[in-house]
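Undergrad: If you scroll down you'll find the structure; I have some questions about it.
The values are calculated or read from the model by the stated rules, or taken from the named source; none is laboratory data. Everything quoted here is computed from the prediction, not taken from an experiment. FYI the Cβ positions are ideal-geometry reconstructions off the backbone, even for glycines, and counts take in every protein chain you see. For accessibility, only protein heavy atoms count, side chains too; no ligands or nucleic acids. Shrake-Rupley method; radii C 1.70, N 1.55, O 1.52, S 1.80 Å.
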Amino acid sequence: MFKFITIDENSRIPKYQQIVDSIIHNISIGKLTMDQKIPSINMFSEEFYLSRDTVEKAYGILKKRNIITSIRGKGYYISRTELISKVNILFLVNKLSTYKMRIYTSFLENIGTNSHTDLHIYHCDESLFLNLISKYKSSYDYYVIMPHFKTEDLKHVSFTDKVIKEINKIPQEKLIILDNAKPGIEDNLTEIYQDFENDIYDALKQGIDKISKYKKIMLIYPERSVYPYPRRILTGFRKFCVEYKLDFEILNEIYPDMILKKGDLFITIEESDLVNLVKQIREDEFILGKEIGIISYNETPLKSLLGITVMSTDFKIMGETAAKMILNKQKGKVKVPFNFIERESL
């Protein structure tokens, strides 16, 4: 096997990565086959005058990717060949939701069959995210990351210092930041993102003719949440209301037995608030879209079915764009379209 392995002493590529790349290449061209035994760590380090730690790190990466396996007392063997030539992608999502999964599904539909994507959910938890990055930082060809985190008091933060530090360790050509961009990370990253502040501001401007007929606008923004939302949504909302001299209020939730009045317009973010609001409107026998209005954040099939006006990023395009940029090896920053879709509820 040693005659197939190439280690370039003058290369800037770390020696452990050269080992990984060389073994994968030789599997892909058929020189190394399924169940073939490969040298032990000690034999490899002695043959190429490498430290044992370097070879051990390379073997560790190959084991994580299930390319080799170790059998106690026997040694290391090639355990996978069918995915070697494929692009391996780690897809990190902050939470499970209808629209997050639409991004992921669109990504899978467009990335094609010559890839293997592993999905992990980190629940906006910094520690879990950092553990995942540390565990898999050398195991994938691409890292697609949706960065949304929560503070100890359950407020939203786009990035933390620790997160930025770890993300900056990933080679830029392997990193795709999805959904939420922020200055401070390396400038040459690929980003496909929403602009939370300006998106809501621009969307509400599109609906100003209908919105202006209402006497008061309430944004239902959960101040603290297990899965918090960017505070830039608040900034864009306030900017719009102040510019158009509209009476507004920001509430944490739709409370039970909330006092509803003709001329109220509600903007909901969470699905539970939308459900509770529609229920109360029906119980109080108000006419939706005439006496009380609703605009909901983020499109779902159910909202379309119920005739709920929405403002939403195009999640399908977000996933599709990320996949195409990987396939075409493109770089750059792409802002995803954000749409105002008027329906009967306004």
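Undergrad: Scan (1) open to solvent by less than 30 Å² (accessible area, probe 1.4 Å); (2) touching a residue at least 24 places away in the same chain (Cβ under 8 Å) for the single condition Met1 breaks and write down its number.
TA: (1)
Undergrad: Across the stretch 229-246, what is the number of residues that are open to solvent by 10 Å² or more (accessible area, probe 1.4 Å) and part of a helix (DSSP H, G or I)?
TA: Initial filter on the stretch 229-246 (open to solvent by 10 Å² or more (accessible area, probe 1.4 Å)): 229, 231-232, 235, 238-239, 242-246.
Pick out the ones that are also part of a helix (DSSP H, G or I) and you get 232, 235, 238-239, 242-243.
Residues that pass the stated criteria total 6.
Undergrad: Report every pair of residues separated by at least 6 positions or lying on different chains whose Cβ atoms are under 6 Å apart, first residue within the stretch 304-326 and closer than 17 Å to Gly207 by Cα, second assigned to a helix (DSSP H, G or I) and open to solvent by less than 30 Å² (accessible area, probe 1.4 Å).
TA: Partner pairs satisfying both residue conditions: Val310/Lys303; Met311/Ala203.
Undergrad: Identify all residues within the stretch 213-228 that are modelled with pLDDT of 95 or more and surrounded by fewer than 21 Cβ atoms within 10 Å (Cβ to Cβ); write none if there are none. Walk me through how you get there before you give the answer.
TA: Step one: list which residues in the stretch 213-228 are modelled with pLDDT of 95 or more, which gives 213-221.
Scanning the stretch 213-228 gives Lys213, Tyr214, Lys215, Lys216, Met218.
Undergrad: Right, another one. Could you grab me the full set of residues in the stretch 279-300 that are more than 16 Å from Leu251 (Cβ to Cβ) and free of Cβ contacts under 8 Å to residues at least 40 places away in the same chain? Steps first, answer last, please.
TA: In the first step, residues of the stretch 279-300 are kept if they are more than 16 Å from Leu251 (Cβ to Cβ); the result is 279, 282-291, 298-300.
Across the stretch 279-300, the qualifying residues are Lys279, Arg282, Glu283, Asp284, Glu285, Phe286, Ile287, Lys290, Glu291.
Undergrad: Considering only residues that are without any contact (Cβ under 8 Å) to a residue 24 or more places away in the chain and open to solvent by less than 90 Å² (accessible area, probe 1.4 Å), which ones fall in the stretch 42-58?
TA: Step one: filter the stretch 42-58 for residues without any contact (Cβ under 8 Å) to a residue 24 or more places away in the chain, giving 42-43, 45-46, 49, 51-53, 56.
Result: Asn42, Ser45, Ser51, Glu56.
Undergrad: Return the only residue of Pro301, Pro256 being over 23 Å from Ile217 (Cβ atoms) and not assigned by the TED database to the domain that holds Met146. It would help to see each step written out before you state the result.
TA: On the way: Pro256 fails: over 23 Å from Ile217 (Cβ atoms).
Checking each option against the conditions leaves just Pro301.
Undergrad: Something else now. Restricting the stretch 214-238 to residues that are touching a Gly at 6+ places or on another chain (Cβ under 8 Å) and free of Cβ contacts under 8 Å to residues at least 60 places away in the same chain, which is farthest from Lys155 (Cα to Cα)? Break it down into steps so the answer makes sense when it comes.
TA: Initial filter on the stretch 214-238 (touching a Gly at 6+ places or on another chain (Cβ under 8 Å)): 214-216.
Add one more test, that the residue is free of Cβ contacts under 8 Å to residues at least 60 places away in the same chain, and what stays is 215-216.
Working: Lys215: 30, Lys216: 26 Å.
Only one residue fits best here, namely Lys215.
Undergrad: Of the conditions (1) of a type outside the set (D, E, K, R); (2) assigned by the TED database to the domain that holds Ala322; (3) more than 17 Å from Asn298 (Cβ to Cβ), Leu178 satisfies every one except a single condition; which number is it?
TA: It fails just one condition, (3).
Undergrad: Could I ask something else about it? Could you list, in sequence order, the residues of the stretch 247-278 that are surrounded by fewer than 17 Cβ atoms within 10 Å (Cβ to Cβ) and of a type in the set (S, T, N, Q)?
TA: Those that are surrounded by fewer than 17 Cβ atoms within 10 Å (Cβ to Cβ) and of a type in the set (S, T, N, Q): Asn252, Ser272.
Undergrad: While we're here: Is it the case, given these coordinates, that Leu32 is of a type outside the set (Lys, Arg) and either in the same structural domain as Leu175 (by the TED database) or at positive phi (or both)?
TA: Numbers: of a type outside the set (Lys, Arg): yes; either in the same structural domain as Leu175 (by the TED database) or at positive phi (or both): no.
No.
Undergrad: Take Tyr104 and decide whether it is assigned by the TED database to the domain that holds Phe159, of a type outside the set (Gly, Ala, Ser) and on the phi < 0 side of the Ramachandran plot. Step through it out loud before you land on a result.
TA: Numbers: assigned by the TED database to the domain that holds Phe159: yes; of a type outside the set (Gly, Ala, Ser): yes; on the phi < 0 side of the Ramachandran plot: yes.
Considered against the rule, which asks whether it is assigned by the TED database to the domain that holds Phe159, of a type outside the set (Gly, Ala, Ser) and on the phi < 0 side of the Ramachandran plot, Tyr104 comes out as yes.
Undergrad: Any idea which of Ile84, Ile41, Ile89 is of a type outside the set (D, E, K, R), at pLDDT 90 or above and under 31 Å from the mean Cα position of the chain (by Cα)? Explain how you work it out, then say what you get.
TA: On the way: Ile84 fails: at pLDDT 90 or above; Ile41 fails: under 31 Å from the mean Cα position of the chain (by Cα).
Criteria check complete, one pass: Ile89.
Undergrad: Across the stretch 116-133, what is the number of residues that are open to solvent by less than 40 Å² (accessible area, probe 1.4 Å) and assigned to a loop (DSSP other than H, G, I, E, B)?
TA: 2
Undergrad: Give the number of residues within the stretch 19-38 that are in a helix (DSSP H, G or I) and open to solvent by less than 20 Å² (accessible area, probe 1.4 Å).
TA: 6
Undergrad: Now for a separate question. Residues Ile294, Ile341, Ile308: which one is over 27 Å from Ile111 (Cβ atoms), open to solvent by 40 Å² or more (accessible area, probe 1.4 Å) and modelled with pLDDT of 95 or more? Working first, answer last.
TA: On the way: Ile294 fails: open to solvent by 40 Å² or more (accessible area, probe 1.4 Å); Ile308 fails: open to solvent by 40 Å² or more (accessible area, probe 1.4 Å).
Just one listed residue meets the conditions, Ile341.
Undergrad: Follow-up question, since we're still on this one. Just to be sure I understand, how many residues within the stretch 1-46 are among the small types (Gly, Ala, Ser) and within 23 Å of Asp141 (Cα to Cα)? Talk me through it step by step, then tell me what you get.
TA: Going residue by residue through the stretch 1-46, those that are among the small types (Gly, Ala, Ser) are 11, 22, 28, 30, 40, 45.
Narrowing further to those that are within 23 Å of Asp141 (Cα to Cα): 11, 22, 28, 30.
Residues meeting the conditions: 4.
Undergrad: Considering (1) buried (at least 17 other Cβ atoms within 10 Å of the Cβ); (2) in contact with a strand residue (DSSP E or B) (Cβ under 6 Å, 6 or more places away or on another chain), say which one Gln206 fails and leave the rest.
TA: For Gln206, the failing item is (1).
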